[in-house]
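Asks: Just dropping this structure here.
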């Protein structure tokens, strides 16, 4: 069979196999390049916080019983969240938040104080649609078995802020732009329901098929250009 | 059918525009799929897995009094020594928790930390204080201590010259990964930016390229292609195609029904000219129909826009577009049968 003829056929059949995925790669890739990553991350949703340690003269030491209960410790960090100084203690038993004004374990924040903190940090115009204490991280944050406050806003991107129930720290933020990014990313690396991914078999089969398609396409292009100039 | 042919030409021009980058995207994608990401991150070479060692609280109040605008004060242990790390604005200070004096981050200290946590097979060769940015260290806040080991990965460990903290590791696996990352993001300066105009332009062109490609897949596949495929396993009804040249030479062939003339001839090693490979746009594979059992003259025009009305009336057709569904007699150039 004449080579050009066979090339076109092969290119065509490979395109039938891999074309849809190349189209998916183009669409998801275009989205990820066009929408700035800082906007994806919702940096515009929150005001920059003045993070200086507040009430620095009133800070007291952590109660020795807490230290001995958790020891040995990895690190002890003093900082402020929403105008309240806290110690973050890291140990093999996890993260413990201590109120730096009392030296005792920090009480869990109430719904009211979460709402207050959300108002303080949120830079957008929308009002709060709902505030819920979730028993574990939602799927979009990776589903860790740990409770978290979810504050949803009434805007067209369904902006959501997440707060730690003990420290009040802003854990994460999400908008539909980010959710779309996550979805397109999974399509980009071909991870379906947690199966596959970049090193998965689907990705390898389709990427290699696409490579062959592109190589045959280039060869075909070379012939066409050469032929048309004769 | 000119409509589809325009897309074929568009596809060709877009291929010229974005083809190389598409190849680079696919190749780098394949590299990412086969590279071991744990090796890239260097976790196998540096184990910053210090056991928790703090058993008592140091005095935070004196540090706070000295740095009242601090945003963060951490107590941690480095090589058995209790330390405070104080963040004041953009600045970071490391202070001895007992004497409250600034910790001296020198070569000896960094080498000691590096040796302690390095878990590769090489030996420490040298420690260099670097303040100029290069491909190897541009991820880190300089100035840094670069500690070189003589292992097979050409390991460079990096530590902040200000705080002594471990910043990361560059190995050959990482360097390979980084190179393909540069190609994938088209980011030939500071790596990691994928929101710049060059890649956005290329991505838009790629979108048109792949959309036109999908349109062509849709339009260029027909029943015939699958018939061809099935015919390989299953006998179909055959027709007789008689080839005649200008000098009277004749050749009769049996050809499967519903197969494109060009495919069928090609299967029997009779090659018509073509540069588009059967796309119907170069017009080189034209043949002249002389006789047919059925009136195929008006049928199956396909992508015949390289022929004008007069030529069509005379019976010229493109072999790549004509499917055989009756006995036919066609005129072909003499060299085809030779």
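Any read-out appearing in this document is the output of simple, stated calculations on the displayed coordinates, not a laboratory observation. Note that the coordinates shown come from a computational prediction; the quantities given were computed from them, not determined experimentally. Every residue, glycine among them, receives a Cβ derived from its backbone with ideal geometry; neighbour counts consider all protein chains shown.
Asks: Which of B:185, B:233 comes first, and how do the rest follow, when ranked by fewest Cβ neighbours within 10 Å?
Replies: With the sparsest Cβ surroundings first, the list reads B:233, B:185.
Asks: Still on this structure, I have one more. Test of understanding: extend the Cα→C-beta vector of residue A:179 to 7 Å, then name every residue of region A:120-156 with backbone N under 14 Å from that spot.
Replies: Under cut-off, by backbone N: A:129-130, A:138-142, A:151-156.
Asks: Could you state the number of Å between the C-alpha centres of region A:181-208 and region B:1-66?
Replies: Computed from Cα coordinates, the inter-centre distance equals 15 Å.
Asks: Would you mind getting me the FRET efficiency between residue B:100 and residue B:132? Use the beta-carbon distance for r and R0 = 30 Å, nearest 0.05.
Replies: 0.35
Asks: Over the Cα atoms, compute the radius of gyration (one decimal) and Dmax (the largest Cα-Cα distance, rounded to a whole number) for region B:231-337, in Å.
Replies: Over region B:231-337's Cα set, Rg and Dmax evaluate to 12.9, 41 Å.
Asks: When the distances between all Cα atoms of the protein assembly as shown are binned every 10 Å from zero, what whole-number percent does each bin get?
Replies: Once binned at 10 Å, the Cα pair distances of the protein assembly as shown give 3, 13, 17, 18, 15, 10, 8, 7, 5, 2, 0, 0.
Asks: In cubic angstrom, how much convex hull volume per residue do the alpha carbon atoms of chain B span?
Replies: Convex hull volume per residue, Cα atoms: 221 Å³.
Asks: Here's something else I'd like to know. Mind checking the angle between helix A:111-121 and chain A's longest principal axis? C-alpha axes, 0 to 90 degrees, to the nearest 10.
Replies: 60 degrees
Asks: Along Cα→Cβ, 7 Å out, is where each label goes; now give me the distance between the ones at residue B:81 and residue A:110 in nm to one decimal.
Replies: If labels sit at residue B:81 and residue A:110, their model points lie 4.8 nm apart.
Asks: Which residues does a label at residue A:61 reach in region A:86-111, if reach means a backbone N under 14 Å from a point 7 Å past the Cα toward the Cβ?
Replies: A:103-104
Asks: Okay, moving on. Using r as the Cβ-Cβ distance of residue B:115 and residue A:69, and R0 as 35 Å, what FRET efficiency do you calculate, to the nearest 0.05?
Replies: 0.55
Asks: Convert 20 °C to kelvin, take the viscosity as 1.002 mPa s, use the Kirkwood radius over C-alpha pairs of region B:50-169 as Rh, and evaluate the Stokes-Einstein diffusion coefficient in µm²/s, rounded to a whole number.
Replies: The Stokes-Einstein estimate is 138 µm²/s.
Asks: On a 0 to 90 degree scale, rounded to 10, what angle separates helix A:176-188 from the longest Cα axis of chain A?
Replies: Long axis of A:176-188 versus the principal axis of chain A: about 40 degrees.
Asks: Would you tell me the mean number of C-beta atoms belonging to other protein chains that fall within 10 Å of each C-beta in B:313-321, as a whole number?
Replies: Counting other chains' Cβ atoms within 10 Å and averaging over B:313-321 gives 0.
Asks: Something else: Would you mind giving the average projected area, over all directions, of the Cα convex hull of region A:8-53 in nm² with one decimal?
Replies: 5.1 nm²
Asks: Next up: Post the alpha-carbon centroid distance, region B:114-158 to region A:129-148, in whole angstrom.
Replies: Centre-to-centre distance over Cα atoms comes out at 40 Å.
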